[in-house]
Amino acid sequence: MSRQLHRVGRLLNAAARSPFAAVVLVLALGAAPLAAQQVIEDADITRAVEDELWIDQMVDANGIDVSTSEGIVVLDGSVGTILAKDRAARIAESTVGVRAVVNRIEVEPGIQRDDAGLAKAVAQSLRDDPATAPYDLEVSADNGVVTLTGTVASWQARDLADTVARGVRGVTGVVNLLRAADTGERTDAEIEAEVEARLANDVRVDDYLIVVDVDDGKVHLSGTVGSLAEKNRAISMGWVAGVDAVDGDALEIEWWARDSMRRTTSFADRGDEELEQAVKDAFLYDPRVLSFRPEVSVSDGVVTLSGTVRDLAAKRAAEADARNVTGVWRVRNHIKVRPLDVDDESIEARLADVFFEDPILTRWDITIDSMLGVVTLTGTVNTPYEQNRAEKLAERIDGVVEVINRLDHRYRWTPRPDWEIRADIKDQLWWSPFVDASEVMVEVDAGVATLSGEVETWGERQAAEQKAFEAGARAVRNDLTVVRRLYGPYPTYDVPLPPPFGS
């Protein structure tokens, strides 16, 4: 069956269960709704990206130039850290109408580190992170560019190691030569079923307009997505065991799909047993969670997590993974953190080293106090982003069971007219591919924004609140209701577990 027939066939099956069959079929045959005929001008995209860069707490917009041609955004200029460079690209990718991003930003760190010292610092960071510590990885550096070599259990572990390396001050680039461990031969049909199920199980991707084909271990994705961020997410989900390459060039980005497609079809509900398996499957792709195998129980869409993990980051990651599974209504996280026997003095010393090596936090004097693994952070930083980053880094330290974040930040709200804040919030919501702005009502009184209406996921609710803050609200009252939609049916598949590392 050709890809187009495969695509229409899936939609015909969906349409048979949907009162919106005509809309779905029109889209499947290539006729976009009226909104799709509205062209987003390049100048408007440039303005939207620059607005986001000025708002963002991590990126210095003064050093970045933005230009757009036929939906392709080009970023030029210089920033102080590779994290800021990556953040600028993600901001562009998460803007409606952007088809591709060319990131020419140069990293010019304020410090000069010798290559041997930089490689040593990156290697230590990999050893300090519980999820990358089990791997014997080789690290080298050349003028700030770090190269990683070795073998890890999965493609997801490979990406995580890359992320950890980028979080060391002085790193200007990462060459990731890590290989995923061989899990044995797999047929194209097995790989295709697994990729389709991953796409279907994740609320951040609308799988009904994505077609998966696998040929000799190479995954081909085609169809339509609503944003470049969604496209990149779909491509990343194509990397499963046995895959040699993932090709997403045939995924077309149509900004109207972000709202029109997810909300045109209603499907049969997933049973609790099926939902339980979907959550467990999601854990298989998270290197922070995989080895702990948390226990999962589901009752009427409410997921309860239990069991034990070694570090707080794994507990937090398990909850996030469960929330991102399609059909999950709520998550109760009863996972217990039971670390190895690490004394408080060691925790404080290790975390102090992590903060010192972090390119964002290294300049701040943060006081760390650990008592029986409960870490309290005090001091002053510049932004809420830095406040949150300190907490996230602390969660990754062995021995930490909880973090009390008492860091203060210097952000002060600037008074503005309510009508102006409301207009900026509406603008922010429209340009976000993660929020259906038409479903969110906004009112502002004395700088306090009230959001009401219905959204489909907790992630969309959180994104709307974040956009309201970014638009200049003094405070946000989030009255958005998360409506439990009906989804399904969903493909099933068997996921090959990676062998114990070193076996």
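No value in this document is a laboratory result; all are computed from the given coordinates. Please read these numbers as outputs of a predicted model, since none were measured by experiment. Note that each Cβ is placed from the backbone with ideal geometry, even for glycine, and that neighbours are counted across all protein chains shown.
Of note:
- For region 426-436, Karplus couplings with θ = phi - 60° (6.51, -1.76, 1.60), whole Hz, Gly/Pro x: 4, 5, 4, 5, 5, 7, 8, x, 9, 9, 8
- Relative contact order (percent, whole number), region 302-419, Cα cutoff 8 Å, 6+ residue spacing: 27
- Taking 0.36 nm per residue of separation and subtracting the Cα-Cα distance, full extension of the segment from His334 to Arg179 would add 52.4 nm.
- Summarising the label geometry, the points placed 7 Å from Cα in the beta-carbon direction at Trp430 and Ala245 lie 4.1 nm from one another.
- Label-to-label distance, Val374 versus Thr414, with points set 7 angstrom from Cα along the beta-carbon direction: 4.0 nm.
- Ordering Leu199, Trp458, Thr378 by the projection of their Cα atoms onto the charge dipole of the chain, which places +1 on the Cβ of Lys and Arg and -1 on the Cβ of Asp and Glu, puts Trp458 at the extreme positive end.
- The calculated FRET efficiency for Glu443 paired with Asp344, based on their beta-carbon distance and R0 = 60 Å, is about 0.80.
- Computed over the alpha-carbon pairs of the chain, the distance histogram in 20 Å steps reads 20, 58, 21, 0 percent, short to long.
- Violating pairs (Cα-Cα greater than 25 angstrom) within the set Lys218/Lys315; Lys231/Lys392; Lys336/Lys467; Lys336/Lys392; Lys280/Lys467; Lys280/Lys336: Lys218/Lys315; Lys231/Lys392; Lys336/Lys467; Lys280/Lys467
- Total charge dipole magnitude, the chain, about the Cα centre, Cβ charges on Lys, Arg, Asp, Glu only, Debye to nearest 20: 760
- Taking the Cα centre of region 171-218 as reference, the dipole from Cβ charges on Lys and Arg (+1) and Asp and Glu (-1) amounts to some 400 debye.
- Where labels lie 7 Å past Cα in the beta-carbon direction, separation of Thr367 and Glu274 in nm: 5.5
- Computed E for Asp114/Arg477 - FRET, C-beta separation, R0 56 angstrom, nearest 0.05: 0.60
- Relative contact order, percent, region 207-341 [alpha-carbon distance under 8 Å, six or more residues apart]: 17
- Positive-end residue of Thr326, Val401, Asn478, charge dipole of the chain with Cβ unit charges: Asn478
- With 0.36 nm allotted per residue and the present C-alpha distance subtracted, the Glu41-Gln462 stretch has 148.7 nm of extension available.
- Rg/Rg_globular for region 326-439, with Rg_globular taken as 2.2 N^0.38 Å and Rg from C-alpha atoms: 1.42
- Charge dipole of region 65-179 about the Cα centre (unit charges at C-beta), most positive-ward option of Ser154, Val73, Leu118: Ser154
- With coordinates expressed along the principal axes, the C-alpha atoms belonging to region 289-354 extend over 44, 20, 18 Å, beginning with the largest.
- Computed extension gain for Val102 through Ala133, at 0.36 nm per residue and net of the alpha carbon distance, reaches 7.8 nm.
- Summed side-chain charge close to Trp419 - residues other than Trp419 whose Cβ falls under 14 Å, Lys, Arg +1, Asp, Glu -1: -3
- Net charge of neighbours whose Cβ lies under 15 Å from the Cβ of Ser69, counting Lys and Arg as +1 and Asp and Glu as -1: -3
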